[in-house]
Each structure stands twice: as C-alpha cells, then as structure tokens.
1. Considering only residues that are assigned to a loop (DSSP other than H, G, I, E, B) and either charged (D, E, K, R) or touching a strand residue (DSSP E or B) at 6+ places or on another chain (Cβ under 6 Å) (or both), which ones fall in the stretch 172-186?
2. For the subset of the stretch 150-162 comprising residues that are small (Gly, Ala, Ser) and crowded, with 17+ Cβ neighbours inside 10 Å, which member is farthest from Leu123 (Cα to Cα)?
3. If a residue has to be polar (S, T, N, Q) and either assigned to a loop (DSSP other than H, G, I, E, B) or touching a residue at least 12 places away in the same chain (Cβ under 8 Å) (or both) to count, how many in the stretch 225-257 make the cut?
4. Within the stretch 27-48, which residues are under 16 Å from Leu182 (Cα atoms), crowded, with 24+ Cβ neighbours inside 10 Å and aliphatic (A, V, I, L, M)?
5. For the stretch 179-194: of the residues being buried (at least 22 other Cβ atoms within 10 Å of the Cβ) and of a type in the set (A, V, I, L, M), which is farthest from Gly281 (Cα to Cα)?
6. Being at pLDDT below 95, within 24 Å of Thr38 (Cβ to Cβ) and surrounded by fewer than 17 Cβ atoms within 10 Å (Cβ to Cβ) is the filter here, so list the residues in the stretch 200-225 that pass it.
7. Which of the residues that make up the stretch 6-28 are closer than 16 Å to Ala105 by Cα and either modelled with pLDDT under 90 or basic (Lys, Arg) (or both)?
Amino acid sequence: MSEREWPDSIRAGETEQLEPLVRRVLAPNPSPYTYTGTQTWLVGAGKDVAVIDPGPTGSGKSAGDPFKSDDAHGEGHVEAILRAVAGQKVTAIMCTHTHRDHSPAAAPLKQETGAPIIGCAPLVIEDSGPRADSAFDPDYTPNRVLTDGETVSGDGWTLEAVATPGHTSNHLCFALIETGALFTGDHVMKWSTSVVSPPDGDMRAYMASLQKLYDRGDSVYYPAHGPAVEKPKQLVRGMIGHRRQRERQILNLLEKGEGHIPSMVLEMYKGLDKRLHGAAGRSVLAHLIDLQTRGMADNDGDLWAITNS
C-alpha cells in the first residue's frame, strides 16, 4: 500500500475501507488531542464483525446521548456504526483502553447488538491530566478481559491481544493475525506522540511497550486517531529515540537549575499550541518520575532537581 493520509472529504459518520477485512468509522469528536476524531475499527468481511474502540457516545451538546443527531449525517456515532455493519452480526465489542473517547459507546452498542464487550480491564482512577477526553470511563463493564496473547475470532478473522501499558496501565493493542495489521489505540499514532499522564500513565512501561512493538513483525498500524502507519518499525524506532531525546533535555535543564515543569515545557516545546502545554507537562512529569525511580532526579514539592551521585 502507498502512504495514506486521512482524506479531507471523510466526515464523521462515514466509513472507509482500508483492506478487505478492515474498515473505519470516524466519530464526531475532533480536538487538539483526538486529531480528526476517534476512529472506530470494524474487522471482518463475512457474516460477523468485531468493533474496536466504539468511541464516545456523542460530541458537543449531545455527548451523553449516543443517538442524538450531532454530526454531518444527522446521526450519532452508534447509529453510524450500526449503519456500517448492516447485514453482519457484531460478535465482539473490543476496547483498547477506557478513556472517554474510546469506550463509552460500548454499552449502547451492546444494548443494540447483544454483542459482548471484550478487551481491556476496567480502570477508573483520579487523573489530574488537563484533557477532558483523557478522563476514564466509569461505566465500562467488560464481559471478558483479555490478557496478553489471548484471542477472539470470527468468520475469517482472529484478533490477538497485545498488552501495551504506558499510556494507561490497562492499554491493549489488537493484532489481526490474518493480515499482519495491528490496531494500536493511543499507544502509537503517526500524527502525534501519546500523552503519558501520571499517576496511571507510566513512562518506563510505555518505553517497554514501544520496544515490544518494535520487536514484532506487524506490517501496518491502525491507530485510534490519525492515518495508518505503513512503516511501523521506522516510526517506533523514531518514537523511542524521541523519548530518549526528551529525557536528555530534561536532565540538561535540571543540571542548569531549571526544575519547574511549566518552565521546562516552555523551553522544551517551543512553538507548541498552548492548549497542549498541560498535556506536555504531564509527559514531562512522567519522565521525571521515571528518572526518580532510577535515582537520577528528585523533587521537593513542585521543584525538581538532579540527584547528586
């Protein structure tokens, strides 16, 4: 396949076929953190289909009503999914993690189709991160929780769970065995790095999960936001290098006596949209906590400093 970018003509509620077994439906929740919106993935071309990351229940004024009209097609996101799978039986509703832009539509979709909710474990914690869509979904109730290596199968497709903690501790990717595709949720995206927000987001776990994907042989990544990744090994190698570069920047700033996270963000993320400064600060904090566990940095309240050794 050639390099893909999300077409400007694709709107919320529309479906795009990426390969015979894979389609995506765009949710109406664009933002600086979700790009054009959450992409719900449909896997299966035969009698049954799996739905990956059913997404939010709505957007804007209709955020709490999955069937209230709120997009260009005059329908909610659950309606758009049901329209896309007409003639097929939904046999699995699968969630990569439980942030509110990924899992809330699982419950109404289950009500409409009778399909079980399968995938990541439930997780609700206090998260002081700055983005509304990174709050956890308190109503997520799976029928089956998958562990690393467990599979779900249907007519012509098999999805294997790949545990990838870091963005959240319960994050899973799903590998489509028949084609070599990997649905990466928020763990790896082409358009942006993932936010790693403590206390649940863990930079050490995130880096280990990146290495885990680098060591695999997947042919293409389908993330929950943004275009497909058709050179996954190259992208993941770059992401690992990028995070290591950020760590070096942080250590350099600490050595110069700059230990306040907001000031570090201004220095490290020059030109970044100010709306994203809070999220950048969460990732800086995740790096600092990782350095602290390795005995390289410590803090006194909001002030961080290099550890003398």
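1. Filtering the stretch 172-186 for residues assigned to a loop (DSSP other than H, G, I, E, B) gives 177-180, 186.
Those that are assigned to a loop (DSSP other than H, G, I, E, B) and either charged (D, E, K, R) or touching a strand residue (DSSP E or B) at 6+ places or on another chain (Cβ under 6 Å) (or both): Ile177, Glu178, Asp186.
2. At the first step, the residues of the stretch 150-162 found to be small (Gly, Ala, Ser) are 153-154, 156, 161.
Within this subset, residues satisfying the condition of being crowded, with 17+ Cβ neighbours inside 10 Å are 154, 161.
Details: Gly154: 27, Ala161: 17 Å.
The selected residue is Gly154.
3. 1
4. Selection gives Val43 alone.
5. Step by step, filter the stretch 179-194, then rank; the result is Ala181.
6. Those that are at pLDDT below 95, within 24 Å of Thr38 (Cβ to Cβ) and surrounded by fewer than 17 Cβ atoms within 10 Å (Cβ to Cβ): none in the stretch 200-225.
7. Initially, the stretch 6-28 is screened for residues closer than 16 Å to Ala105 by Cα, giving 12-13, 24-28.
Passing the criteria: Ala12, Gly13, Arg24.
The rows are residues; the columns are (1) surrounded by 20 or more Cβ atoms within 10 Å (Cβ to Cβ); (2) touching a helix residue (DSSP H, G or I) at 6+ places or on another chain (Cβ under 7 Å).
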site: Gln245; (1), (2): no, no
site: Arg248; (1), (2): no, no
site: Leu254; (1), (2): yes, no
site: Pro262; (1), (2): no, yes
site: Leu266; (1), (2): no, no
site: Gly278; (1), (2): no, no
site: Ser283; (1), (2): yes, no
site: Asp290; (1), (2): yes, yes
site: Ala297; (1), (2): yes, yes
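The values are calculated or read from the model by the stated rules, or taken from the named source; none is laboratory data. Source: prediction; values computed, not measured. When we count neighbours, we look across all protein chains shown, and the Cβ atoms used for this are built from the backbone with ideal geometry, even at glycine.
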